[in-house]
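To start, the structure itself, in structure tokens.
The values are calculated or read from the model by the stated rules, or taken from the named source; none is laboratory data. All of these numbers come straight from a predicted model, not from anything done at the bench. Cβ placement follows ideal geometry from the backbone for every residue including glycine, while neighbour counts extend to all protein chains displayed.
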Amino acid sequence: MVTKEELKKLLKSTVLTVNFKKKDNTLRKIVCTLNEEYLPEMDSKEEKKARSESSDAIAVWDLEKQDWRSFRIDSVINYESNQ
């Protein structure tokens, strides 16, 4: 299983497709990143809210929905780089 730190490091350098199981047990695929090239410009208040996350979850920028989303690390089924 991947750690939160490992996944964040990858997300800061590339775009990933992450498959995970939501709380309701449905499967979800997200194309996401933390790479500064793709993130929107935000003021500090927006940025703090967007990047707030629990110790069990990671907040990412969803490239398809153009919005912040999060998922639990322990719900990740697999991931792959898009670059």
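Which ones in segment 1-27 are in contact (Cβ under 8 Å) with a residue 12 or more places away in the chain and out of contact with any helix residue (DSSP H, G or I) (no Cβ under 9 Å at 6 or more places or on another chain)? Result: LYS8, LEU10, LEU11, LYS12, SER13, THR14, VAL15, THR17, ASN19, LEU27.
Among strands (runs of 3 or more DSSP E) lying entirely in segment 28-81, which contain 1 or more residues that are closer than 13 Å to LYS12 by Cβ, in contact with a Lys or Arg (Cβ under 7 Å, 6 or more places away or on another chain) and at pLDDT 90 or above?
Values: elements: 57-62, 67-72, 76-81.
It comes to 57-62.
Looking across segment 1-27 at every residue that is of a type in the set (D, E, K, R) and in a loop (DSSP other than H, G, I, E, B), the one that is nearest to ASP67 (Cα to Cα) is identified as LYS22.
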